[in-house]
Amino acid sequence: MTDTAEKDKQTGSKPDFIKLFEGVGSMNGESYQLKPRYEVSSNGVQYIGITHDKDGNSREQPPLLLADPIELIGRGIDEQGSHYRIIEWRDRLTRQTKQAAIPQADIGSNAGWRQLQQYGITILSGRVKRERLADYLQNHGSNRPYTITDRAGWHGSVYLLPNGEAIHHGKEAPRIIYNGDTSQAAAYTPAGTLEAWQQQIARYAAGNSRLCLALGTALAAPLLSLLGEESGGFHLYGDSSDGKTAAARVALSVWGRPSESIMTWQGTALAFNNTAAARNDGLLVLDEISQAAPKVIGNTVYSLMNGVNKAQGAKDGGNRALTRWRVLMLSTGEKTPSSILKADNDWNAGQATRLPNIRAAAQYGIYDTLHGFTDGALLSEHLQEAAEQHHGHAGRAFIRLTDQTTHPPPSKSASPHLRQRCPSFQDKPAALPAALHWLPPPWRWQHLLPACPPVWAWPV
């Protein structure tokens, strides 16, 4: 036993290391005081407080459980200047690690707790526990900067899908959080394989001009901003049984599950604007135009193609920041917009240029060739069933080939040959497959863009 230990035993004094843990003592010649702290472990977020006895000694209290594990990995700001905390947690059911942006203004409020609980995170009740958790969420964790956006599509070299998935070329995950409309997020989960999609769906577009239009529209949508083009689209019209919806679902299979991502023309202009922001630099399919009120058709086409939402006042004065987007739209219906709006004379040349009519009828419904099927109905049935099983892979593969750093968009200074192959999408449907040909050859080799017949000769 050392002289110091013997002296402590005789006097009843406690060793220095015990004093340290009680908050009384020194370390490296400096006084040390226990402080309250937060810990995050597999058990959850815990608050460890400090208590003092009558002699002034400090001790740690037993851990107070506040919530399921929540890591604070950064802070972010959106286009409107609002601040967020970036959280990371592990989903109880899927066991997947997820990230989300929590508005800092909502932390500690019912809205904030509700958002966390919607993510499946357990938040313990009790005023003191929630006050401690609010303090943790606001003042602790990492301060790494993140970008918060309510628009999908291109953000620099990162492409965001409407489910928040970021497609990028770098090894490090991009620090960007999608905080927009997620009502159809589940539709963008891929299923099946790319190879099966090519064999069961894409190969049937060879020799079928309307399927080429559908696939071309879906694949060309992310090229709008790269080519410096504005929003546009096509309206496929004809009889109810000719296969228009099958073509629309083939287009949707490029990015996700058709049955969950297809939309009808029923809706409000505001709802369509929110959807357009979520589909920015992407494909928007609106089925059965006859279901929409005539006024909605004109307003929706004008608003979607204009690419910006209506100016709105903010609660604290001034106006909200405008949301902008670029989309390629594929619309279907038995009638054309001009015929529906003819009585009101509410369809002008500008709208018709942005959404030109394409007659659906070919030799066998929408098909020029049946590839061994006995009729168009059977081919449509096959394509729709296959699209439900194999989807979402082609679009992701396509984005990975559109590396902006190695394939810059054509500009006025570009070669005349390239400019000629990438005319405005508003000019004629031929621009769609032509625009895709400036991408690397492997894309075409893999039959993602099948050999399409001359589309500039299509009847309109």
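The values are calculated or read from the model by the stated rules, or taken from the named source; none is laboratory data. Computed from a prediction, not measured in an experiment: that's the story for all the values here. Please note: Cβ atoms are built from the backbone with ideal geometry, for glycine as well, and neighbour counts cover all protein chains shown. Accessible surface areas use protein heavy atoms only, side chains included; no ligands, DNA or RNA. Shrake-Rupley method; radii C 1.70, N 1.55, O 1.52, S 1.80 Å.
Is one or more of the residues making up the range 276-288 basic (Lys, Arg) and at pLDDT 90 or above? First the steps, then the outcome.
Initially, the range 276-288 is screened for residues basic (Lys, Arg), giving 279.
Keeping just the survivors that are at pLDDT 90 or above gives 279.
Within the range 276-288, one or more residues are basic (Lys, Arg) and at pLDDT 90 or above.
I'm checking my understanding of the structure. Among residues of the range 41-61 that are assigned to a strand (DSSP E or B) and of a type in the set (Ser, Thr, Tyr), which one is nearest to residue 135 (Cα to Cα)?
Only one residue tops the list, namely 47.
Every residue in the range 165-180 that is farther than 21 Å from residue 75 by Cβ, open to solvent by less than 50 Å² (accessible area, probe 1.4 Å) and at pLDDT 90 or above, please.
The answer is 167, and nothing else.
Within the range 210-223, is even one residue basic (Lys, Arg) and closer than 26 Å to residue 350 by Cβ? Full working, then the answer.
We begin by selecting, within the range 210-223, every residue basic (Lys, Arg); these are 210.
Then drop every residue that is not closer than 26 Å to residue 350 by Cβ, which leaves 210.
Yes, there is a match, as at least one residue in the range 210-223 is basic (Lys, Arg) and closer than 26 Å to residue 350 by Cβ.
Among the residues of the range 62-76, is any at pLDDT below 95, touching a Gly at 6+ places or on another chain (Cβ under 9 Å) and either polar (S, T, N, Q) or in a strand (DSSP E or B) (or both)?
Scanning the range 62-76 turns up no residue that is at pLDDT below 95, touching a Gly at 6+ places or on another chain (Cβ under 9 Å) and either polar (S, T, N, Q) or in a strand (DSSP E or B) (or both).
Please determine whether any residue of the range 280-290 is open to solvent by 20 Å² or more (accessible area, probe 1.4 Å) and outside any strand (DSSP E or B).
There is at least one residue in the range 280-290 that is open to solvent by 20 Å² or more (accessible area, probe 1.4 Å) and outside any strand (DSSP E or B).
So residue 256 fits all but one of (1) modelled with pLDDT under 95; (2) in a loop (DSSP other than H, G, I, E, B); (3) open to solvent by less than 40 Å² (accessible area, probe 1.4 Å); what number is the exception?
(1)
Across the range 181-205, which residue is nearest to the chain's Cα centre (by Cα) among those that are among the aliphatic types (A, V, I, L, M) and in a helix (DSSP H, G or I)? Before you say what the answer is, go through the steps one by one.
Of the residues in the range 181-205, the ones among the aliphatic types (A, V, I, L, M) are 185-187, 191, 194, 196, 201-202, 205.
Next, only the ones that are in a helix (DSSP H, G or I) stay: 185-187, 194, 196, 202, 205.
Values: 185: 7, 186: 10, 187: 11, 194: 20, 196: 25, 202: 24, 205: 28 Å.
Within the range 181-205, the match that is nearest to the chain's Cα centre (by Cα) is 185.
I need a count of the residues in the range 77-86 that are open to solvent by 20 Å² or more (accessible area, probe 1.4 Å) and assigned to a strand (DSSP E or B).
Going through the range 77-86 one residue at a time, the tally reaches 3.
Within the range 230-250, restricting attention to residues that are under 21 Å from the mean Cα position of the chain (by Cα) and open to solvent by 20 Å² or more (accessible area, probe 1.4 Å), which residue is nearest to residue 326 (Cα to Cα)?
230
Test of understanding: among 136, 84, which residue is within 21 Å of residue 46 (Cβ to Cβ), of a type in the set (Phe, Trp, Tyr) and out of contact with any His (no Cβ under 6 Å at 6 or more places or on another chain)? Please lay out each step first, then the result.
Numbers: 84 fails: within 21 Å of residue 46 (Cβ to Cβ).
The unique qualifying residue is 136.
So, of the residues in the range 319-352 that are under 32 Å from the mean Cα position of the chain (by Cα) and of a type in the set (A, V, I, L, M), which turns out to be modelled with the lowest pLDDT?
Looking at the filtered set, the residue picked out is 321.
Can you tell me which residue in the range 87-112 is most open to solvent (accessible area, probe 1.4 Å), limited to those that are assigned to a loop (DSSP other than H, G, I, E, B) and of a type outside the set (S, T, N, Q)? Break it down stepwise before answering.
Within the range 87-112, the subset assigned to a loop (DSSP other than H, G, I, E, B) is 91-96, 107-109.
With the extra rule that they be of a type outside the set (S, T, N, Q), the set shrinks to 91-93, 95, 107-108.
Values: 91: 22, 92: 136, 93: 162, 95: 123, 107: 22, 108: 43 Å².
So the residue we want is 93.
Inspect the range 308-315 for any residue being at pLDDT 85 or above and in contact with a Lys or Arg (Cβ under 7 Å, 6 or more places away or on another chain) and give the result as yes or no.
First, pick out the residues of the range 308-315 that are at pLDDT 85 or above: none.
No - not one qualifying residue is present in the range 308-315.
Working only within the range 113-151, note down all residues that are within 21 Å of residue 74 (Cβ to Cβ), of a type in the set (Lys, Arg) and open to solvent by less than 70 Å² (accessible area, probe 1.4 Å).
151, the sole residue that qualifies.
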